[in-house]
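Here the structure is laid out as structure tokens; the discussion comes afterwards.
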Amino acid sequence: MTAPAPGLTDAFWAAASRRELVRPVCRACGRNFFTPQVACPTCLSEDWTYEHSAGRGRVYSATVVHKPPSPGFAVPFRLGIVDLDEGWSILTEFVDGPDGRLPAIDTPVQVAWIERDGRTLPAFTEVLP
Ligand SMILES: [Zn+2]
């Protein structure tokens, strides 16, 4: 993948536009982290790179947002944190799923992609048995 500088999140959004999920991985200590930051939050090294993610993980938390965070937001929507199998976490929206209900904690999920305001965004949906 490409180096993080100069645009810290450029490579993330470029990958997302191809529906590929990536995450920062520190070359010094091997830690996965998210969101992208100038320095690794564990060892402060600035030597990190984006690497591909399989986009699979489990639900850490989930909630329903009823009040729009800004005008133009369609509510309600399902928001939560997913712990990815590679050892990083992402704040994300839950889409699809059985009956549109909120996924239970620890439910296996996988990345799904949504189009919003001309941008491709990662979202997550339950892995069907
Ligand atoms: Zn590090």
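Whole-Hz Karplus values for the range 22-36 come out as 10, 9, x, 10, 6, 6, 7, 10, x, 5, 8, 8, 6, 7, x Hz, taken residue by residue from phi with 6.51 cos²θ - 1.76 cosθ + 1.60 and θ = phi - 60°; glycine and proline positions read x. Sorting 17-26, 68-77 by their mean Cβ neighbour count within 10 Å, with the most densely packed peptide first, gives 17-26, 68-77.
A straight chain from residue 104 to residue 49 at 0.36 nm per residue would run longer than the Cα-Cα distance by 16.6 nm. Taking amide hydrogens as placed 1.01 Å from N in the peptide plane, the amide H of residue 109 sits under 5 Å from those of 57, 58, 59, 127, each at least 5 positions away in sequence or on another chain.
For the range 10-126, the equivalent ellipsoid derived from the Cα gyration tensor has semi-axes of 26, 16, 13 Å, listed largest first.
For the range 50-111, what D do you get in µm² per second when you plug the Kirkwood radius from alpha-carbon pairs into Stokes-Einstein at 10 °C and 1.306 mPa s? Rounded, D is 128 µm²/s.
Taken together, the values in this text are just the output of simple stated rules run on the coordinates, not laboratory data. Remember, predicted model here, so these are calculated numbers, not experimental data. Don't worry about glycine lacking a Cβ; one is built from the backbone with ideal geometry, like all the others, and counts go over all protein chains shown.
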